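Note sheet for the following structure.
The values are calculated or read from the model by the stated rules, or taken from the named source; none is laboratory data. As the structure is a prediction and not an experimental result, all values here were calculated from the model. All Cβ positions, glycine included, derive from the backbone under ideal geometry; neighbour counts span all protein chains shown. The protein model used for the area step is the full one, side chains on, heavy atoms only, and it has no ligands, DNA or RNA in it. Shrake-Rupley method; radii C 1.70, N 1.55, O 1.52, S 1.80 Å.
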Amino acid sequence: MKKTLQEIADYVGGRVAGTNDASSIVITGLDNIEGAGAHDLTFAVEPHIDEAKACQAAAVMLPEGVADFPKPALYVENPREAFAKLLAHFTPKLEFPQGVSPEAHVGKDVKIGEHVTIMPFAVIDDHAVIGDNVTIYPHTYIGQYAEVGADSLIYSNVTIREHCQVGKRCIINASAVIGSDGFGFTTRDGVHTKVPQVGNVVIEDDVEIGAHNSIDRAAMGSTVIGHGTKTDNLVHIGHNCKIGPNCLIVAQTGISGSTIVDHNVTFGGQVGTVGHIHIGANSVYAARSGIISDMPEGVFCAGFPVQQHTEWLRMQATMKHLPEMYKKMKQLEKKLAKFEQK
């Protein structure tokens, strides 16, 4: 694809600055600061503005307010957001023939909407419902009575088990399992007996589920992933959890069963929670946080057990001095012992 810098500016709502002919510069690709070449557009925000000044890109997308930039520039309000929009525009869309492959299996009483693509070796089991414009990649299993909403994209090797519901415009990445059995057992005389997990999973609209996620079905009722929530790869969400809208859940996070998470909560990588707790809205938990009790709204926490992030930073800074403090303490103990002897 070829676009002039002015055409790109018009598309993202920005303005061109630089040499007199900057608007006519032809852009053929997008890349990061290090990889951008003589015909590419890149973007930069602090603290990378100085780095971008020396890059090889034809032009740099910048936030408003950056002055005296030595290269042709495209100024926008939010470079990350505008560049993401451009990436979608410059990347060729994958195209697959619509319809059901003869090598796919479609069970009885399955409802399939319009403009659906079901690729080879996918299995759509009895009574499933597939909405309009859904794309289902090979080796995917859609269970009995499961539903996939319109405009959703289901990648290879995904399992959506019986009675589970996926909303509209969702993306389920490769090898995710939606509706695996919850981890429920009774124990008597050292023997663990399975408790039937007869609920389901409800994934609301505009959710993205990362690769190799496991979202357990409820023992009874529903495990719910709220509208607009995004999960990274290798996330586990236990049975009967209620994850609110617009949450971000980063890789290797584990949320134990029956945990309620309000809206706009961010979990960093490898966060873990106990079950049966309530986590307040608009909160952030740094990587490897361990959440062991109910949490209020609007906090930024870290550590195990979890605490305010500023307190955790102070504690980490103090821990660096522990060997020196321990050495001084031993010296003081010896001096005190001599004093007591006298």
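Give, as ranges by residue number, the residues of region 288-308 whose backbone N falls under 17 Å from the point 7 Å along Cα→Cβ of residue 314. Residues 300-308 fall inside that zone. Computed from the C-beta positions of residue 6 and residue 56, the FRET efficiency with R₀ = 25 Å rounds to 0.75. Most fluctuating residue of 162, 311, 51 in a GNM of the chain with Cα springs under 10 Å: which is it? Comparing 162, 311, 51 in the GNM, the peak value goes to 51.
Across 276, 236, 321, the residue with the most accessible area heads the list, and the full order at a 1.4 Å probe is 276, 321, 236. Within region 205-342, the proportion of C-alpha pairs whose separation exceeds 17 Å stands at 63%. At full extension, residue 260 and residue 26 could sit 79.2 nm farther apart than now, given 0.36 nm per residue minus the alpha carbon distance. Of 38, 16, 4, whose Cα points farthest to the positive end of the dipole of region 1-64 (charges on the beta-carbon: +1 Lys, Arg; -1 Asp, Glu; origin at the Cα centre)? After comparing all options, I get 4. So, R0 is 51 Å and r is the distance between the beta-carbons of residue 333 and residue 294; what FRET efficiency does that work out to, to 0.05? The value I calculate is 0.75.
The solvent-accessible area of residue 145, taken with every protein chain present and a 1.4 Å probe, is close to 110 Å².
Here the dipole of region 126-220 is about 300 debye; that uses its Cα centre as origin and unit charges on the Cβ of Lys and Arg (positive) and Asp and Glu (negative). Distance between the C-alpha centres of region 52-115 and region 210-261: 27 Å, rounded to the whole angstrom. If the limit is 18 Å between Cα atoms, which of 2/93; 3/85; 111/242; 168/230 go over it? Where the Cα-Cα span goes over 18 Å, the pairs concerned are 111/242. For every other residue with a beta carbon closer than 11 angstrom to the beta carbon of residue 173, add +1 if it is Lys or Arg and -1 if Asp or Glu, then tell me the sum. Around residue 173, the charge tally is -1.
Nonpolar atom fraction for the chain, defined as the carbon and sulfur part of the 1.4 Å probe accessible area, stands at 55 percent. To the nearest 10, the accessible area of residue 340 is 130 Å² with a 1.4 Å probe. The charge dipole of region 1-64, taken about the Cα centre with unit charges on the Cβ atoms of Lys, Arg (+1) and Asp, Glu (-1), comes to about 220 debye, rounded to the nearest 20.
Out of every Cα-Cα pair in the chain, what percent are more than 34 Å apart? Value for the chain: 48 percent of Cα pairs lie more than 34 Å apart. When nucleic acids and ligands are ignored and a 1.4 Å probe is applied, residue 30 ends up with an accessible area of around 40 Å².
In this structure, the amide hydrogen of residue 284, modeled 1.01 Å from its nitrogen in the peptide plane, lies closer than 5 angstrom to those of 266, 299, 300, 301, counting only residues at least 5 positions away or on a different chain. Dipole orientation for the chain: of the candidates 200, 248, 146, 248 has the Cα lying most toward the positive pole (charges on Cβ; Lys, Arg +1; Asp, Glu -1). Over the chain, dividing the summed -39,500 (n - 2.57) contributions of all DSSP H runs of at least 4 residues by the number of residues returns a 222 nm mean residue ellipticity of -5000 deg cm²/dmol.
Backbone amide hydrogens, once placed in the peptide plane, bring residue 261 within less than 5 Å of 242, 243, 244, 279, excluding anything fewer than 5 places away on its chain. Each of residue 194 and residue 98 was given a label point 7 Å from its Cα along the Cα-to-Cβ line. The distance between the two points is 4.1 nm. Taken about its Cα centre, the chain carries a charge dipole of about 1780 debye when Lys and Arg each add +1 at the Cβ and Asp and Glu each add -1 at the Cβ.
Protein heavy-atom accessible surface, 1.4 Å probe, per residue over region 232-342: 61 Å². Local charge for residue 128 was computed over the other residues whose Cβ lies under 14 Å away, with Lys and Arg +1 and Asp and Glu -1, and equals -2.
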